Structures are given as structure tokens and as C-alpha cells.
1. Note the full-extension length gain between residue 50 and residue 65 as 0.36 nm times their separation in residues minus their Cα-Cα distance, in nm to one decimal.
2. Do you know the relative contact order of region 4-92, to the nearest whole percent, from alpha carbon pairs under 8 angstrom that are 6+ apart?
3. Using a 10 Å cut-off around each Cβ, can you sort 76, 47, 58 from fewest to most neighbouring Cβ atoms?
4. Give the distance, in whole Å, between the Cα centre of region 6-48 and the Cα centre of region 57-93.
5. Could you check the spin-label model distance between residue 6 and residue 88? Points 7 Å from the Cα along Cα→Cβ, value in nm.
6. Taking the Cα atoms of region 4-92 alone, what are Rg (to one decimal) and Dmax (as a whole number) in Å?
7. Taking R0 as 41 Å, what's the FRET efficiency between residue 40 and residue 77 from their Cβ-Cβ distance, rounded to 0.05?
């Protein structure tokens, strides 16, 4: 399973956030102008996923067990829902 989701290019066309699924965990890439941050979290270390919907886009909050939450912005509502479903299906299995 190597699914990858990118945030909408409308809000941040040059540096969209990304979510990449792997065999053992998920990588969250938050991009800024001069830097980016990659956070890898094992599926077993995720305690929850929350989605905050605005009129056009969604924010995904991933809550790991032993570190601060990871926030990724500007995903379509459908992609945010799919990301949440994929994470929760891996966490529960």
C-alpha cells in the first residue's frame, strides 16, 4: 500500500502538504517556503484522527500517542475523509 494524497494547490500552489501511506506507518509532509517537515508515525502509535471542515477545504489532525498532534491543511473534503478511513483501518487491524 503506497497511497499518496496532496493538499489542494489553490491555497498553497508551490508547497502543498502531503500524506503518504506505507506498510508500517504514514508520513506527513508539511511544506513551507524554505523548509519542510516529515513526520513518520507507526500505525500502532496513532490514537485518533480528526477532520475540521471549512467551506471548501479540510484540515486533518492526527493524534499520536506520545507526541504533539500533527496538523495538515487544505485537503479536499473527499481526500480528508479517505485519509481518515485509511489510517483508522490500519490502526484497528
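1. Numbers: separation 15, 0.36 × 15 = 5.40 nm, distance 1.41 nm.
Length gained between residue 50 and residue 65: 4.0 nm.
2. On the way: 162 pairs, mean separation 21.1, N = 89.
Computed value for region 4-92: 24 percent relative contact order.
3. Numbers: 76 16, 47 12, 58 22.
Least crowded to most crowded, the residues run 47, 76, 58.
4. Taking the Cα centre of region 57-93 as reference, the centre of region 6-48 is 10 Å away.
5. Using points 7 Å along Cα→Cβ, the separation is 2.8 nm.
6. 12.3, 37
7. Details: r = 25 Å, r/R0 = 0.62.
Here the calculated transfer efficiency is 0.95.
The numbers here are math on the coordinates, done by the rules we state, and not lab data. The shown structure was predicted, so the numbers you read here are calculated from the model rather than taken from an experiment. Methodologically, a virtual Cβ is constructed for each residue, glycine included, from the backbone with ideal geometry; neighbour enumeration extends over all protein chains shown.
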